[in-house]
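Asker: Can you read through this structure? Questions will come right after.
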Amino acid sequence: MKKLFDIGGKLPDRTVRMIEIFGFIFFLALWYVITIPQENLSVQFASNNPSGISYSWKGPGGFSQEMKGDNILLKLKPGKYTFTAKDSSGLGITDAVEVPAQIKETVRKEFSKKLGKDSIQLHIEIKSVKDGWVSKAVLPPPIAVIKSFKELHFKDQVVRETGYSVGLNILGYLEAILISILLGFTIGLVPFFRALLNRFFNSTRFIPLTAVTGLFIAWFGIDSNMKVQFLAFGIFVYLLPVVIQRIDEVLDIYLQTAYTLGASKWQQIRTVYFPSVASRIIDDIRVLTAISWTYIIIAEMMNQTGGIGSLIHLSGRQSRLDKVFALLIIIVIIGIIQDRLFAWLDKKIFSFKYQGKIL
């Protein structure tokens with residue numbers, strides 16, 4: 001038990017897997033429990049002059065509440081409640097309402113009384129409301145999320161829209177990686193270009209990407225090309241400084257060895273710089289994979305012509321949080337698959353990293 005909380009310690013892989021599984025089951029069970037529908041009683045009332053009438057309610061367990069205008073009292077306990085409705089002059093009516101333990105259908109009561117020159121007409125409805133400890137308007141039940149996949153598949157064509165988003169991701173990534181490597185090696189290895197461009201491109205990291213969406217629409221329109229360019233730019237501004245940093249991290253001993261063996265500048269780039277930088281930036285690309293989905297969602301929300309981001313935006317506007325959560329789960333699954341794919345490529349292409357060799 002002490003090892004579980006040992007600062008700086010490391011747990012066996014088997015223990016880590018068991019904790020991960022336990023944590024997943026625990027949070028899933030907690031999600032289910034706090035969203036289990038429970039039957040609660042609700043009293044809704046309305047009057048012919050809501051702005052000029054105040055209410056006071058008293059009930060079992062010392063319940064007391066005062067308010068003005070029409071309102072809804074949620075999750076009332078069964079029992080007898082006394083209410084008083086008063087107008088601005090202080091005149092009003094007092095009566096009682098019995099809230100039963102179970103309501104099979106809505107119970108309605110009408111009250112009317114002459115108060116001076118005016119009259120109060122009060123309408124009360126007592127009904128059963130089913131909701132969890134956390135309202136489904138805030139957190140949908142896991143069952144509702146699972147059921148929403150069917151509607152997403154047959155009505156919203158989620159497979160097609162997901163494929164569209166993944167395609168944007170791949171195209172944007174390929175463009176950003178290609179430009180970052182070419183420009184990064186140029187800036188990192190040529191002193192003139194480093195002095196001329198390094199600070200300029202470093203400063204682009206501070207540009208809020210959501211603020212330049214209008215520029216990309218003006219430059220590239222609102223079609224898929226704009227989304228690819230926006231995504232490529234979002235990855236490029238973070239990946240380029242990393243490529244330059246990885247070039248600076250190449251150990252001098254390998255460069256000296258290549259120079260001693262008579263390697264030319266081009267041969268040093270091909271046999272020393274490129275393998276060293278490529279074997280490191282693949283880890284940085286894995287991290288940026290998660291960030292790239294943020295840019296995809298932003299780009300797809302701009303014109304809502306397709307993609308998983310467009311579905312999320314539409315579902316949110318329709319208050320379909322179950323579908324929003326389902327779409328987020330799809331993104332997480334795709335992200336995990338992408339991460340595992342990069343890890344597999346890393347082991348296949350740069351196997352020397354896992355054989356005790358260091359570049």
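Asker: In whole Hz, with x marking every Gly and Pro, tabulate ³J(HN,Hα) for the stretch 334-348 from phi via Karplus 6.51 cos²θ - 1.76 cosθ + 1.60, θ = phi - 60°.
Answerer: 4, x, 5, 4, 4, 4, 5, 5, 5, 5, 5, 4, 4, 6, 6
Asker: Here's another thing I want to ask about it. Please work out the Cα center distance from the stretch 240-317 to the stretch 149-214, rounded to the nearest Å.
Answerer: 10
Asker: What FRET efficiency do you get for Leu209 and Phe63 if R0 is 41 Å and r is their Cβ-Cβ distance, rounded to the nearest 0.05?
Answerer: 0.20
Asker: Something else: Go through the stretch 14-30 residue by residue and turn each phi into a ³J(HN,Hα) via Karplus (6.51, -1.76, 1.60, θ = phi - 60°); whole Hz please, and just put x for glycine and proline.
Answerer: So the J values, rounded to whole Hz, are 5, 5, 4, 4, 5, 5, 4, 5, 4, x, 5, 5, 4, 5, 5, 5, 5.
Asker: Using a 1.4 angstrom probe and counting only protein chains, how large is the accessible area of Val272 in Å², to 10?
Answerer: Only protein atoms counted, so the area is about 20 Å².
Asker: If you don't mind, another one. Between Leu139 and residues 5 or more places away or on another chain, which pairs have amide H atoms under 5 Å apart, with H built 1.01 Å from N, and which residues are they?
Answerer: Counting only residues 5 or more places away or on other chains, the set is empty.
Asker: Sort His153, His313 by heavy-atom solvent-accessible area, probe 1.4 angstrom, most to least.
Answerer: His153, His313
Asker: Give the long-range amide H neighbours of Ile36: residues separated by 5 or more places, or on another chain, with amide H under 5 Å away, using H modelled in the peptide plane at 1.01 Å from N.
Answerer: It is Trp133, by chain and number.
Asker: Grab the beta carbon distance between Ile179 and Ile336, set R0 = 22 Å, and tell me the FRET efficiency rounded to 0.05.
Answerer: Result of the calculation: an efficiency of 0.20.
Asker: Sorted by accessible area (1.4 Å probe), largest first, how do Phe24, Phe350 line up? All intermediate terms of the calculation are to be shown ahead of the outcome.
Answerer: Working: Phe24 135, Phe350 25 Å².
So, going from the largest accessible area down, we get Phe24, Phe350.
Asker: In the calculated pair distance distribution of the stretch 134-268, what percentage of Cα-Cα distances lie above 17 Å?
Answerer: The share of Cα pairs beyond 17 Å in the stretch 134-268 comes to 73 percent.
Asker: So for the pair Ile21, Ala218, with labels modelled 7 Å out along Cα→Cβ, what separation do we get in nm?
Answerer: It is 5.7 nm.
Asker: What is the magnitude of the charge dipole of the stretch 204-333 about its Cα centre, with +1 placed on the Cβ of each Lys and Arg, -1 on the Cβ of each Asp and Glu, and no other charges, expressed in debye to the nearest 20?
Answerer: The calculated dipole for the stretch 204-333 is roughly 180 debye.
The values are calculated or read from the model by the stated rules, or taken from the named source; none is laboratory data. Note that this is a predicted model, so its numbers are computed, not measured. So basically every Cβ, Gly included, is an ideal-geometry build from the backbone, and we count neighbours across all protein chains shown. Note: areas computed on protein heavy atoms with side chains; ligands, DNA, RNA excluded. Shrake-Rupley method; radii C 1.70, N 1.55, O 1.52, S 1.80 Å.
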